[in-house]
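What follows is a set of notes on a single structure, which appears directly below.
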Amino acid sequence: MARPGSATGKFGWLLVGVAVAAWGCSSMLGYDEVDFGEVQPDPDGGAGGIGPTGGGAGNGGAQAGNAGNGGKTGAGGGAGQGGAAGGSAGAGGGAAGTGGGAAGTGGGPAGAGGTPPGPCTGVVCGSNQHCEPATKSCVCNPGFVSNGADCTPAPAGDPSQHTQQDVCDHWAQGHNITDPSPWTPGPNECDPGTLSQAGITDTLTRMAMFRWMVGLGPVSDDPALNQMDMYCAAVSSWNPPGGGYNPHQPDPSRKCYTPEGANGAGQSNIAWGSGHPAQAIDQFVQDNGNETTMGHRRWIFNPPLGPVGIGYYAGGGPYGNAECLAVFGQSGGGTTPTWISFPPPGFSPVEIVSWMWTFHHSSGVSNATIKVTRQSDSADLAMTTMPLIQGFGNYPTIGFNPSGWSPKAGDVYVVEVGGVGSGTITYEVKPVNCP
């Protein structure tokens, strides 16, 4: 099964790239182009590094009877690792020898202390949990609930049964940003820096919201994948697509290249210019410019998705920032419905109903057809079928675009999808204005 990774855009400057890594396949798809918009890089400063251990004591002077050479000055201790104290001062120099050498000079000063450990250092959390720095305690990831011993996916329910209030509440909560500047730069330009736990949580919240809307469970992140994708984001930010260059296969000659970053680029959705890692999730779901694949959306809506890796870098490059989202994980929990549609059955914010429609079915969509009828006047509304390249996520998918009409809040659209599974699938799409 082909396993592509990619990128797309909606907020700020963004780009779309599509890469293919494969099980038993080594093909690579080309990236698609989209429009750009301006975004500024994050100006925050970086954290200090971890210093070496303290210096040794100074050597004493020579023995009496010789011309007494001065004792060697003790070297200053470096920063103590993990916040420990630096080395002690060097020992004093030797006493003056017989015949009159001067006393050795004193040792160097004690080394400076290192960077203190974070509040969650040493805290070990279970699956689908993370340590909350403010409380130094483990809490469930967004979309998961505690069962007393662990955290399990909250039921997504049938999208057609979601109330309008539920949908609008999830939409608002999913777009809440708790840390607007989640990235801290490292000591040099190509250091990937650090992404705050709040920034990671904001991103998982956004993903959980979109997956809940289509009837899927939430996802968790993996620290090792996060670290890999931090390096991916650094090389991607400085090297977006252009001139035939595919950012999912970064060349070793490229600025800020690392093997870790290249590994992440080959298995991640990549977005440019989002301004925040959570905002990139909207980019991936809208997937502007990827009308032949809708690959980023399909990875986000892959039912078994998880864990993911979240990397974000805002230290420069043509578009200021980039996000890498590792999407090849296949061990996520939650439901595995036979089919998924976007926009989903039932209520949806009118913004997303104006995006390209996709229908995902576990048994195939090669013969799928669509009919859309406006309920208020029984008008049949034209839809353009958009065949998609397959191999993105587990479900074959087809796209449809409204042709000559635009969805409006308050209208109800009856959708009939034929040629899939054992018969026609009928549902209603209800766009609403969410405050």
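The values are calculated or read from the model by the stated rules, or taken from the named source; none is laboratory data. Note that the structure is predicted; figures quoted are calculated from it, not measured. With ideal geometry, Cβ positions are generated from the backbone for all residues, glycine too; neighbour counts draw on all protein chains shown. Protein only, heavy atoms only, side chains kept; ligands, DNA and RNA dropped before computing areas. Shrake-Rupley method; radii C 1.70, N 1.55, O 1.52, S 1.80 Å.
With a 1.4 Å probe and all protein chains kept in place, how much accessible area does CYS138 have, in Å² rounded to the nearest 10?
CYS138 has an accessible surface of roughly 50 Å² with all protein chains in place.
Probe of 1.4 angstrom, ligands and nucleic acids ignored: what's the accessible area per residue over region 172-284, in square angstrom?
Details: 3540 Å² over 113 residues.
Roughly 31 Å² per residue, with all protein chains present.
Taking every DSSP beta bridge that has both residues in region 277-435, what percent is antiparallel when rounded to the nearest 5? List each step's numbers first, then the result.
Working: 31 of 36 bridges.
Roughly 85 percent of the beta bridges in region 277-435 run antiparallel, per DSSP.
Take THR426 and THR184, extend 7 Å from each Cα along the Cα→Cβ direction, and tell me the distance between the two endpoints in nm.
If labels sit at THR426 and THR184, their model points lie 5.8 nm apart.
Sort 325-336, 205-216, 121-132 by the packing proxy (mean of other Cβ within 10 Å over each peptide's residues), most packed first. Don't jump to the answer; show the numbers that get you there.
Numbers: 325-336: 20.1, 205-216: 25.1, 121-132: 15.0.
Highest-to-lowest ranking by the protection proxy: 205-216, 325-336, 121-132.
Which whole-angstrom value gives the distance between the alpha carbon centres of region 192-228 and region 337-391?
26
For region 308-401, with every protein chain kept in place, what is the accessible area per residue (1.4 Å probe, Å²)? Intermediate results must be reported in sequence, preceding the final value.
On the way: 3160 Å² over 94 residues.
Value returned for region 308-401: 34 Å² of accessible area per residue.
Tell me, what % of the accessible area of region 239-332 is carbon and sulfur with a 1.4 angstrom probe? Intermediate values should be presented prior to the final figure.
Numbers: 1010 of 2170 Å².
Ligands and nucleic acids excluded, carbon and sulfur give 46 percent.
Could you give the length gained by full extension between ARG254 and GLN375, i.e. 0.36 nm per residue of separation minus their alpha carbon distance, to one decimal place? Spell out each step's value before the answer.
On the way: separation 121, 0.36 × 121 = 43.56 nm, distance 5.47 nm.
That pair, ARG254 and GLN375, stretches by 38.1 nm at full extension.
Give the calculated FRET efficiency between ASP411 and SER363 to the nearest 0.05, with a Förster radius of 41 Å applied to their Cβ-Cβ distance. Write down the numbers at each step before the final one.
Values: r = 31 Å, r/R0 = 0.75.
So the FRET efficiency works out to roughly 0.85.
List residues of region 385-402, by number, whose backbone nitrogen lies under 18 Å from a label position 7 Å along Cα→C-beta of THR338.
What the label zone holds, given the 18 Å backbone N cut-off, is 395-398.
Run the accessible area of region 169-222 with a 1.4 Å probe and give the carbon-and-sulfur part as a rounded percent. Before the final figure, lay out the partial values.
Numbers: 890 of 1810 Å².
The nonpolar share, carbon plus sulfur, comes to 49 percent.
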